[in-house]
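Below is one structure; the comments refer to it alone.
The values are calculated or read from the model by the stated rules, or taken from the named source; none is laboratory data. Treat the numbers as computed from the prediction; the structure is a model and nothing was measured. In this analysis, Cβ positions are derived from the backbone assuming ideal geometry, glycine residues included, and neighbour counts consider all displayed protein chains.
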Ligand code: ADP
Ligand code: ZN
């Protein structure tokens, strides 16, 4: 028999598809099966992607070393999805596969479990426990038992499958007590393999609610959405519901219907911190058939969850971006909650958008996608208006709760009154004070970390720059020390006492971030319980969840944070939201900055007044008349959309056209520009799109590399991709120095 050739992807980012031969007589494995292959001097586990015709290559094709599976390990529809991602985003198959699989997904041959000791009653133990229950008053069940041992028997009586030793020890039952019970023949001990439980970091406060009566708007939405599920064909619905309109309840009811029809449910959420809350709600309603997948889990946890899904033990998967690749069989419903959230876009290769991959996955699976948001992206809303998506609207908060009252404070006036350095306006201070008096909570948002934006020498105007990036260092406090830190590469150094350029001792801090806001709130309200969440405070695993749980338990009066606090949390006692410097984002050289600002303000205002008391939002801004701010105040999405889409059309920006961003790196700036010009000129030979640039990237230097960039703009992504591929094939040496971003969200 002839050798057959197969195409194999190995999860090594730099590697493309590899071709191997399968010796005659050995069966060709199915797509998605693992194979062990030689790669240079190494031996790697890869995934079979398909059979290929006799290859016309200069090099000799090596045979595979061995087959791991004779069934697909990665489900074939997920393999197909990764191939689509790799093609659409111009990313290598190795990188794409690595993004789609759990850590060590290919190397682990068997499922790894944690083992625990489990105690269970024996027949004699059941007797003893029953006698104990019957004679609890006189308490003489036979053998002399200590208090702990009696407690253990009582607990175990209620658990026919036994209880894990760690769970017992949490209740004060030591292993000595268990050993004694075992020696009396009352209990047996066994070892069980259990999945590590990712819910141990979950917010336990989220009160699990049972099904309840749907509101009239929810019913109408469900009447539109249910038939789309029953049809069993591909469809996309945009659920545009104001904050607090009860979108989660709709997701859960749809999920229930899909599970009952025997298909799976995949739900994507933007933030790791939100996953436990949503997961806890779903768990409360659907029990243990829910799995959770996100990058905040430990490798072991992710691995366990991946295998649980793969074994078909769950029918609901909740997770962040990468969960879109979960090995869930036969998904019938894919939910993308907060579809406008930028964390759905991966900012390294493959630069995929979780929402768009979800839509493709649904297309392959004949499933319904529900995109939910109070502030849909211009892209999704345009698709809905054009009839590509079904638009479902929730205009009101549940139980007729009003939206928050939003007002704008002009910071020009505050500065005129109180000086340049004012952080908290008088109306905001008064409002926080009222909340403290009434025992209600406040959220204060500033979308900028650190204490000060920079330090500047008052004599020569020099600032503290990052040596690796073209950016000034942000100033953070560290006890009584001041440190400058780069938010791109994490370079850090103490702020010098004197200027490094002119030696003058006048280093002044300018601008402010969340650390400063925290200090100001503590100063104004010394007895308030204050906490801060931003990327600096949440480095520690679980700390964000812990802080949010404290807010839920009302152990925090004022929570300060970056956009993290604007997302989906549902805290009924928050009645005030303050926004400091609402215009932070408006100055950025990014055509989406208006949209981002509008989304952020509307979302954060939506955190106020979700309980029985009415909410208020106070927005501080230097640009109080900007439409992104005034329309967020009136929470008028449609007016914002109509204004913004005109600007995008005039300027030919997405969604009017599609864009591809190409960044070229070099050792020097000239080097980067030269390479970018070469590549751009090759691409210019093709037609069907506009090419802008090359020009210095807004961050001309990043992590020690110089950067130039150019954009492709056009209506046909395939033509742009092919032009780039062609250009790259003519300049193969540049392949390692570029990053391609299809549908970029960031222009940096
Ligand atoms: P959204 O995601 O649209 O901002 P949520 O799903 O968080 O809104 O719902 C807002 C609040 O309303 C939550 O506290 C939720 O428990 C409650 N809620 C949702 N639906 C109902 C309902 N039908 N009856 C009563 N309360 C509801
Ligand atoms: Zn840096």
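Key figures for this structure:
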quantity	calculated
Conditions (1) within 16 Å of ligand 1 (Cβ to nearest atom); (2) at negative phi; number of the one not met by residue 635	(2)
The stretch 29-45, residues that are surrounded by fewer than 20 Cβ atoms within 10 Å (Cβ to Cβ) and either at pLDDT below 90 or part of a strand (DSSP E or B) (or both)	36, 38, 39, 40, 41, 42, 43
Residue match in the stretch 610-618 (condition: at pLDDT 90 or above, touching a helix residue (DSSP H, G or I) at 6+ places or on another chain (Cβ under 9 Å), assigned to a helix (DSSP H, G or I) and under 29 Å from residue 558 (Cβ atoms))	no
Some residue of the stretch 328-342 being within 21 Å of residue 592 (Cα to Cα) and part of a helix (DSSP H, G or I)	yes
Test: residue 309 is in a strand (DSSP E or B) and either at pLDDT 90 or above or touching a strand residue (DSSP E or B) at 6+ places or on another chain (Cβ under 7 Å) (or both)	no
Single match in 97, 90 (criterion: over 27 Å from residue 329 (Cβ atoms) and in contact with a helix residue (DSSP H, G or I) (Cβ under 9 Å, 6 or more places away or on another chain))	90
Sole exception among (1) within 16 Å of ligand 1 (Cβ to nearest atom); (2) touching a strand residue (DSSP E or B) at 6+ places or on another chain (Cβ under 7 Å) for residue 515, by number	(1)
Residue that is within 16 Å of ligand 1 (Cβ to nearest atom) and either in a helix (DSSP H, G or I) or touching a residue at least 60 places away in the same chain (Cβ under 8 Å) (or both), where the choices are 443, 424, 436	443
Of all residues making up the stretch 459-480, the number that are more than 16 Å from ligand 2 (Cβ to nearest atom), part of a strand (DSSP E or B) and at pLDDT 90 or above	1
The stretch 597-631: number of residues that are within 16 Å of ligand 1 (Cβ to nearest atom) and either surrounded by 22 or more Cβ atoms within 10 Å (Cβ to Cβ) or within 27 Å of the chain's Cα centre (by Cα) (or both)	15
Segments classed as strands (runs of 3 or more DSSP E), wholly inside the stretch 639-748, with at least 2 members that are without any contact (Cβ under 8 Å) to a residue 40 or more places away in the chain, buried (at least 17 other Cβ atoms within 10 Å of the Cβ) and away from ligand 2 (no atom under 16 Å from the Cβ)	690-702
Some residue of the stretch 459-482 being touching a strand residue (DSSP E or B) at 6+ places or on another chain (Cβ under 7 Å), within 16 Å of ligand 1 (Cβ to nearest atom) and closer than 18 Å to residue 560 by Cβ	no
Residues within the stretch 148-180 that are in a loop (DSSP other than H, G, I, E, B) and surrounded by 17 or more Cβ atoms within 10 Å (Cβ to Cβ), tallied	2
Selection count, the stretch 516-545, where residues are over 18 Å from residue 434 (Cα atoms) and surrounded by fewer than 15 Cβ atoms within 10 Å (Cβ to Cβ)	5
Matching residues, the stretch 483-498, being surrounded by 15 or more Cβ atoms within 10 Å (Cβ to Cβ), near ligand 2 (Cβ under 10 Å from one of its atoms) and not in a strand (DSSP E or B)	486, 487, 488, 489, 491
Pairs with Cβ under 6 Å, 6+ apart, first in the stretch 213-231 and over 16 Å from residue 255 (Cβ atoms) and touching a residue at least 60 places away in the same chain (Cβ under 8 Å), second part of a helix (DSSP H, G or I) and within 15 Å of ligand 1 (Cβ to nearest atom)	215/398
Check on residue 456, over 30 Å from residue 614 (Cβ atoms), within 16 Å of ligand 2 (Cβ to nearest atom), in a strand (DSSP E or B) and touching a strand residue (DSSP E or B) at 6+ places or on another chain (Cβ under 8 Å)	no
The listed residue being within 17 Å of residue 469 (Cβ to Cβ) and in contact with a strand residue (DSSP E or B) (Cβ under 7 Å, 6 or more places away or on another chain), out of 658, 690, 708, 680	708
Residues (part of a helix (DSSP H, G or I), within 15 Å of ligand 1 (Cβ to nearest atom) and over 16 Å from residue 362 (Cβ atoms)) located in the stretch 220-269	220, 221, 222, 223, 247, 248, 249, 250, 252, 253, 256
